[in-house]
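Engineer: Right, I'll just put the structure down here and ask away after.
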Amino acid sequence: MKKRIYAGLAICLLLLLTGCEAKEKQPDNLDNTDATAPFEAVTITPEPEERRLETVWLCADTLDFAMQIPKELTTEPKKEGNLNYVFEGINDSLSVSLQRWDQVSKPDAAALAELITRNNGQKTEIVNCGGRELVKVDWPHGEVNYYLLSEDGDAYVLWITPYVMRDPDVYWKVKQMEESICSIQNVPKGEESVRAEGTSSKELDYYVLIDKKHALPEGWEENLDLVSMVNSVGDTVRAERTAYKAYLELKADLLENEGIDVDLDSAYRSVAYQQEIMDRFTEKYGAAYAKRTVATPGYSEHHTGLALDLYFRLDGVEVYENEDLVKYPEVWKRIHARLADHGFILRYPGRTDGTVDYTYEPWHIRYVGSAEAAKEIMAMPAFSFEDWLAAR
Ligand SMILES: [Zn+2]
């Protein structure tokens, strides 16, 4: 946990001891559409000290986020097949989950609120929590969402879902969780906490080799820490977290020093998605054509989340079709010259010596984890990653 989180410790404890009970009023009717208000007649007797003993802090460092959740929800935190989940705690009466959500192209709370309303038609409210703006959505029947942005501009959504509406105990827990969200930087020292999974960087082999002869290692996709963004033409693109961070640095560098405005056309593609493309092409054009034009599922470097396809804007005009992109060798030369500084290599320089037989793809770059390795690879004859790996 970051040190500054402890900074508000004293204030937070003081608030915990004195402020929370006083703030708790007669509960609002959570279901605006129902005249037989589920909570209207319920008197809350919170016994706050006792209840607080049952809570732990859910922390997510990369988000700079923490909240209090009932302890019983942390005993078996679930991380299901959905890679976007960073935490899910669930029992018979209540669930809490934290998920990644698509990044907005102009990441601020107002843009986020607009996007949410457009997507799900719900009214949103921007809540200021200690200088940080969260977007809140109240659903009928008591469910509540908070959308928040990380420093990187990734959007996350927190779901608090009560299943048992008329239970004052459940009501109290929901209220307590909501209150704690505004204590983001105030995790009391020594308090028990559970770390949201998936947000800490995993040990990834950034030198992983995927080509026509080398398949994606087993279990790779399950371990992949992905972030998603929306590019300038409105497509959602997902990429491995560290690679994406490095890409943002490359993008800023190119804009500032070369005046080139790059964007991501494509990055992570799942094996399942690649299979779908293969099936579609086989059905439409026959197996021979499909095999020639589509990478075999399991053998595309895009499965790693570390391969990115770039496009760029020239004089405000998007150049993103491959046949147009190849018309700008001078622009690519300037882009390629800056790749290694940010840990990227050019993967398909158009070499045909038998080891790499992909055609020239100036847009396809690959993250290898460090500038040091990238510089070594880019210094190899024809930038051969295969040769560099063999020589290690
Ligand atoms: Zn590619």
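Bear in mind that the values in this text are calculations on the coordinates, not laboratory data. Worth saying up front: this structure is predicted, and the values here are computed from it rather than measured. Here the Cβ is made from the backbone with ideal geometry for all residues, glycine too, and neighbour counts use every protein chain on show.
Engineer: What is the fewest-to-most order of ARG100, ARG334 by other Cβ atoms lying within 10 Å of their Cβ?
Structural biologist: The order, fewest Cβ neighbours first, is ARG334, ARG100.
Engineer: Here's another thing I want to ask about it. What pairs from LYS212/LYS245; LYS291/LYS375; LYS251/LYS284; LYS327/LYS375; LYS291/LYS327 go past 31 Å between their alpha carbons?
Structural biologist: LYS291/LYS375; LYS251/LYS284
Engineer: At what distance in nm do the modelled label points of ARG118 and ASP169 sit from each other, each positioned 7 Å from its Cα along Cα→Cβ?
Structural biologist: Taking the two extended label points, one gets 4.4 nm.
Engineer: Using the Cα centre of the range 220-391 as the reference point, and only Cβ charges (+1 on K/R, -1 on D/E), how large is the resulting charge dipole? Debye, rounded to the nearest 20.
Structural biologist: Approximately 220 debye in magnitude.
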